[in-house]
Each structure stands twice: as structure tokens, then as C-alpha cells.
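Asks: The structure that follows is given in the form of C-alpha cells.
Laboratory data are not the source of any read-out in this text; all were calculated from the coordinates shown. The structure displayed is predicted, hence computed values, not measured ones. We place every Cβ from the backbone using ideal geometry, glycine too, and count neighbours over all the protein chains shown.
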2 protein chains.
Amino acid sequence: MSDEAFVTLVASDNYVLGGLTLAYSLRETNTQRKLVCLVTHKVSQTIRDRLAAAFDEVVAVSELNSNDSVNLDLLCRPELGITFTKLFIWKLTQYKKTVFLDADTLVLKNVDELFDREEFSAAPDVGWPDCFNSGVFVCVPNLDTFHELVELSENTGSFDGGDQGLLNEYFCDWSTKDIHKHLPFVFNLNANATYFYAPAYKRYGKDAKIVHFIGAAKPWMHARDANGVLHADNAEHLVEHLDLWWACHDRHVQDINLPQSFYPEEYV
Amino acid sequence: MSDEAFVTLVASDNYVLGGLTLAYSLRETNTQRKLVCLVTHKVSQTIRDRLAAAFDEVVAVSELNSNDSVNLDLLCRPELGITFTKLFIWKLTQYKKTVFLDADTLVLKNVDELFDREEFSAAPDVGWPDCFNSGVFVCVPNLDTFHELVELSENTGSFDGGDQGLLNEYFCDWSTKDIHKHLPFVFNLNANATYFYAPAYKRYGKDAKIVHFIGAAKPWMHARDANGVLHADNAEHLVEHLDLWWACHDRHVQDINLPQSFYPEEYV
Ligand SMILES: O=c1ccn([C@@H]2O[C@H](COP(=O)(O)OP(=O)(O)O)[C@@H](O)[C@H]2O)c(=O)[nH]1
Ligand SMILES: O=c1ccn([C@@H]2O[C@H](COP(=O)(O)OP(=O)(O)O)[C@@H](O)[C@H]2O)c(=O)[nH]1
Ligand SMILES: [Mn+2]
Ligand SMILES: [Mn+2]
């Protein structure tokens, strides 16, 4: 299946730990698909070399940015304009089909079955569930689509200042047209769902396939103390999944010895 | 259309203000359907008389209760066992089709088109969006369904201790089978969505048809001061919708002069 690939984006150094851990989590599930990482000029050559050891392909792309501070402020996430860079996945026409995964996702079980889905498949967003969450989606690289998306971003913009608002605008019949394009929520499980609706998590959470650490505080930003114990203040409900993320990191990424500046300060 | 009805439930006195305001909000949209209110023995005759002035029919039913404190505690809503009483809607076989509306919903625009949908139609829940929210749903009264639901409640129970967990267990193919059974989110707009995903609310909120005040603090529990000004501490994001609820209340329910004990203490 060399013509199908999982693709992520590391648009800045502070998501490198996410991208690397994601790649190894995919490898641990014995995926039969290629792994691709998009990077921008903000990612140094040394870091690209580290990514190249984990991914089959590291593709340099230019940075796309919404620069839409008004809507990003509404979202309380000023840093997300840069997520427009995701659109470059549609330029990977060497692949027949691709699955995008945010760098803050962790794959728990083999998800190669995602390639059975069509463009555009995604799971609902918890904030406004007639919108899909754009952290996990299935798409078909195509230059026309790429150009239409870039055009839409320039003419209409994104209602949330990030890629999610733009993609929901473009694939606007997602919520009404075809149920098969609704990925089950367990393919993009918001890590906070354990808290939002605890009984449903208890009932369905065992089927989790991909967990998504949505929000400003990413797993690699939660400090651990010298004994490796996690200090997840205000995030107790995340600990189960944070532990899985760090365990995967420790199995594969620890040895890479990234500069200490990539990690949060140790808790003392 | 005398064989189709909107149905709500007032299982206890503290939801009477909700039920009455909901009924008048429906009347203001010139609905062509009947309005039915289910009540239990907990609702006094005086109050039933008031409800009978607003609804076409007030139907006394017995109380069903999950008595499932374990799962209700997970939900942080110990009071919701009583919502099993909703199941009595399936006994209203004098109607060909019914639309259930929680007593904490407010109808903003005519929603008679809901009767074009089939059983079982509902909108996604924000907590776990592969589950539907059971505050608004379309169903077909049928004694077999009623008995199967009661049986399921006795044998398997509800994963959240309330009607929502039970109904999701029963109509378990809702998330995967038929997109037409997914009501648009604007037919059951979680009032907190204004906060959860503000840019989406800004983009799509103008289409809101039914707003649902999910959570422990209902509109009628937010005190107003002597000038009618709302004091919505920690709920600023709700004020727009709370104001609409109180405006409808003031137009129709104020004159009924319910005992002062139904209202929160005045703010001084
Ligand atoms: O500074 C940034 C912001 C975002 N991203 C990429 O864009 C994705 C979407 O952003 P994020 O996951 O932070 O958004 P959220 O899921 O929290 O809404 C990330 O996972 C990364 O792949 C990045 O590389 N650098
Ligand atoms: O003590 C109660 C609790 C619930 N209900 C009815 O059951 C519905 C569901 O409960 P609620 O709306 O409080 O649940 P939520 O929407 O907050 O999950 C209410 O709207 C009422 O119709 C009631 O009459 N008395
Ligand atoms: Mn993400
Ligand atoms: Mn409700």
C-alpha cells in the first residue's frame, strides 16, 4: 500500500515531540501505510533528520497562515493561524489517498481501515457537532482541491481562523449528506471527553483508536518530576491518556535525546 | 394535524416554569400541532390546571426512576433518574407521531418540519457526539417499543443513569445508519455552545431553532433583581438565551402568578 499514507504536520519546533510520538504509535500498530511529515522552514535541519528517522518521508512546504487574529481570539488560540499549512496534504499527489492526523494525536490501535473511507471523512467536533473536527480526516490529494481551498481561504477566510473553520466551510455538506463520511468518534477521541460525559466514556471508551489532545496544553507540556511522575494540574481527567502518550514517547523518542529545551522544566 | 403532538415532561414542580414557557414559545411560532404535557403524582392539581391552560392535553403518568446513583454520580446529576418517565411518550398512541422536548428547551422558530422526520431522529450530544442528546427527539408512539424500553431499563439499565443512556442503548445504530435521523444541531442547540466553540456559534448560531439549557442551573434558577435584570454569575455566555427565555416567560407566564416559591430569591 505504498500509494496511501498517514500525514501529519510539524509546522514549528514545539510540535516535534508530538509528531515523533505519533509516528512511533502508528508503527507500533503495524500499519501497512507510509508515514509522511510536512514541515515548514521553522523546523531546523537537525530536527528534520530526527523526523526522517521516524517517518518514511519528510516534505518541506511553505507556511500558510490565516493571520486572522479576530476569530483566533474568539477561539482563545492565537497560535492556530499556522494550521492552514495542513492544506498542503492535497498536494501529495504521489499518494492516492491520505489520512491526516494532528501532531497531538496518539494512535492506540491499528487504523488502516480508515483508507476504506472516502474524501471527505472526519469525526464530529464536540464544540459544535455539526462541524467535524479537523484533527483526523481522510482525503484524496488533488491539485484542484488544493487551489480551491487556498482560494477560499483568501476570499472567504475561516470562521475560526484555523484550518477547521475553512475545511468545514468547504466540505459544508458533511453533516447532512452521507453517514459513511462520519468517522466514529473513537477515531478522534477528544481526550477531554473522559470529563465531558464520563458515563459515555465508561461505556464506549474501551473502543478508543485515536486519542486527540485538543487544547492549548499538549502532553509534552505537562511536566514530569525526576521519577517520571506526571504533574497534570487541572487535568486529572487526562492522566490515563497522558500516561499512554508518555509511555510511547519513552519507548521510542527518549533515546533520540532531543535538546532539553523541547521539554517542560522538570518539576522539583 | 391533530394526530401529531409536541410532548414534554413535568415530573416535578421545579420544572413547571420550564414546561409553561416552552408551551408558550411553541404557540408563539404558530405551531399547527397539539401540545401535550406528561405529569407525575408529584405535580399538584392546582399546577396541573395551570398547565392545562397552556397545553392541549395534560396526561398523568406514573413515575419511572432508574434509581441508579452510581452512574448518576458519574454524570454529577443525581436528580436525573426520574427522566425515565419520558418513556411514557411511547404510550401516547392516540398520536401517529410525536416530538419530545425537554422542559428546559425554548423554541425560537417554527419547527413543525420535525414531523417530516422518522423515528428515531435526534441531534448529537456535545459530550460524546456519537450519542444523541435526548432533550429533543422524534418518535412514533407504540406499545411494543414502550415495553421493550422498560424491559431494557430493567435488564441492562442506562449507562448514564438517565433516559439518554437508555435511549442511546436502544437506538444504538443512530450514529452509523441514516444521516436523515441526525437532526441539525440548531434543533437542539446546547446553550453552552456559545462558549464551547464561539466561532461556530457566530457562524451558525443565527439559524438556532430550539435552544436547550442543559445542566443543573436552569433559566428559572437564575435570579433577577427588582428591575428584572438577570444575575447570571459564571454564565455570562448564556445571557443572550436566558434573556429570550425570560422574555417569553414575562409575556405569558408572569400573569399566571405561580406561588413565589417557584422562583429564585430576588437579588438585592
Ligand atoms: O504552532 C503550531 C500549531 C499547530 N501545528 C500543527 O497543527 C495541528 C493543529 O493544531 P492543534 O493540534 O494545536 O489544534 P487543536 O487540536 O488543539 O485544536 C497540530 O496538531 C500540529 O500538527 C503546528 O505544527 N505548530
Ligand atoms: O426533576 C426533574 C428532572 C427532569 N425532569 C424532566 O426531564 C427532563 C430532562 O432533565 P434535564 O433537562 O434536567 O436534563 P439535562 O438536559 O440538563 O441533561 C427535564 O427537561 C424535564 O422535562 C423533570 O420534570 N423533573
Ligand atoms: Mn490537535
Ligand atoms: Mn434538558
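Asks: Taking every DSSP beta bridge with both residues inside the protein assembly as shown, roughly what % is antiparallel (nearest 5)?
Replies: 40
Asks: Per 0.36 nm of contour for each residue apart, how much would the distance between B:N110 and B:D207 grow if the chain were fully extended, relative to their Cα-Cα spacing? Before the final figure, lay out each step's value.
Replies: Numbers: separation 97, 0.36 × 97 = 34.92 nm, distance 1.17 nm.
Net length gain for the segment: 33.8 nm.
Asks: What FRET efficiency comes out for the pair B:H147/A:A216, r = Cβ-Cβ distance, R0 = 56 Å, nearest 0.05?
Replies: Details: r = 49 Å, r/R0 = 0.88.
After rounding to 0.05, the efficiency reads 0.70.
Asks: Would you please classify the overall shape of region B:69-118 from the alpha carbon gyration tensor, given that a ≥ b ≥ c denote the square roots of the eigenvalues, rounded means a/c under 1.5, and beyond that prolate means a/b larger than b/c while oblate covers the rest? Walk me through the numbers before you get to the answer.
Replies: Values: a/c = 3.20, a/b = 1.71, b/c = 1.87.
Oblate, because a/c is 1.5 or more while a/b does not exceed b/c.
Asks: Something else now. Among B:V61, B:W245, B:A193, pick out the residue whose Cα is farthest towards the positive end of the charge dipole of chain B, where Lys and Arg carry +1 and Asp and Glu carry -1 on C-beta, about the Cα centre.
Replies: B:W245
Asks: Determine the distance separating the Cα centre of region A:58-133 from the Cα centre of region A:189-248; give it in Å without decimals.
Replies: Centre-to-centre (Cα) distance: 20 Å.
Asks: So which trypsin sites (Lys or Arg not before Pro) in region B:80-132 are both in a DSSP loop and have at most 16 other Cβ atoms within 10 Å of their Cβ?
Replies: Numbers: sites: B:K86, B:K91, B:K96, B:K97, B:K109, B:R117; in loops: B:K96, B:K109, B:R117.
Taking region B:80-132 and a limit of 16 other Cβ atoms within 10 Å, the loop trypsin sites (Lys or Arg not before Pro) found are B:K96, B:K109.
Asks: Would you tell me the mean number of C-beta atoms belonging to other protein chains that fall within 10 Å of each C-beta in A:178-191, as a whole number?
Replies: The shielding value for this peptide is 3.
Asks: Sticking with this structure for a sec: Report the residue, chosen from A:L38, A:L166, A:L72, that carries the largest GNM mean-square fluctuation when chain A is represented by alpha-carbon nodes joined by springs under 10 Å.
Replies: Result: A:L72 has the largest fluctuation of those listed.
Asks: Pull up the DSSP beta bridges for region B:118-268 and report the antiparallel fraction as a percent, rounded to 5. Don't skip to the end; give the middle numbers.
Replies: Numbers: 5 of 9 bridges.
The antiparallel fraction comes to roughly 55 percent.
Asks: Sticking with this structure for a sec: First select every other residue whose beta carbon is under 13 angstrom from the beta carbon of B:V43; then total the charges, Lys and Arg +1, Asp and Glu -1.
Replies: On the way: positive: B:K42, B:R48, B:R50; negative: B:D13, B:D49, B:E63.
Within the 13 Å Cβ shell, the charges total 0.
Asks: B:D3: net charge of surrounding residues, Cβ under 12 Å, Lys/Arg +1, Asp/Glu -1, itself excluded? Could you put the intermediate results ahead of the total?
Replies: Details: positive: B:R33, B:K34, B:K96, B:K97; negative: B:E4.
Summing Lys/Arg as +1 and Asp/Glu as -1 gives +3.
Asks: Could I ask something else about it? What is the mean number of Cβ atoms from other protein chains located within 10 Å of the Cβ atom of each residue in peptide A:199-212, rounded to a whole number?
Replies: Details: counts 17, 13, 4, 4, 9, 5, 1, 0, 1, 0, 0, 0, 0, 0.
Average neighbour count from other chains, rounded to a whole number: 4.
Asks: Turning to a different aspect of this structure: Of the DSSP beta bridges with both residues in chain B, give the percent that are antiparallel, rounding to the nearest 5. Write down the numbers at each step before the final one.
Replies: On the way: 12 of 30 bridges.
Rounded to the nearest five, the antiparallel share is 40 percent.
Asks: What shape does region A:92-164 have by the C-alpha gyration tensor, where a ≥ b ≥ c are the square roots of the eigenvalues, rounded means a/c under 1.5, and otherwise prolate means a/b greater than b/c and oblate the rest?
Replies: Values: a/c = 2.11, a/b = 1.18, b/c = 1.78.
Oblate is the answer for region A:92-164, as a/c is 1.5 or above yet b/c matches or exceeds a/b.
Asks: Once both labels are modelled 7 Å past Cα along the beta-carbon direction, what's the A:K42-A:R27 spacing in nm?
Replies: Label-label distance for A:K42 and A:R27, simple model: 2.6 nm.
Asks: Does chain A come out rounded, prolate or oblate, given a ≥ b ≥ c as the square roots of the eigenvalues of its C-alpha gyration tensor, rounded meaning a/c under 1.5 and, failing that, prolate meaning a/b above b/c?
Replies: Values: a/c = 1.36, a/b = 1.22, b/c = 1.11.
Rounded, because the longest to shortest axis ratio a/c is under 1.5.
Asks: Moving on. Calculate the mean, over all residues of peptide B:120-128, of how many other protein chain Cβ atoms lie within 10 angstrom of the residue's Cβ.
Replies: On the way: counts 0, 0, 0, 2, 9, 6, 9, 12, 17.
Mean number of neighbouring Cβ atoms from other chains: 6.
Asks: Continuing with this model, one more query. Quick one: dipole size for region A:1-110, taken about the Cα centre, charges +1 on Lys/Arg Cβ and -1 on Asp/Glu Cβ, in debye to the nearest 20. Intermediate values should be presented prior to the final figure.
Replies: Working: 12 positive and 13 negative charges, 69 e Å.
The dipole magnitude comes to about 340 debye.
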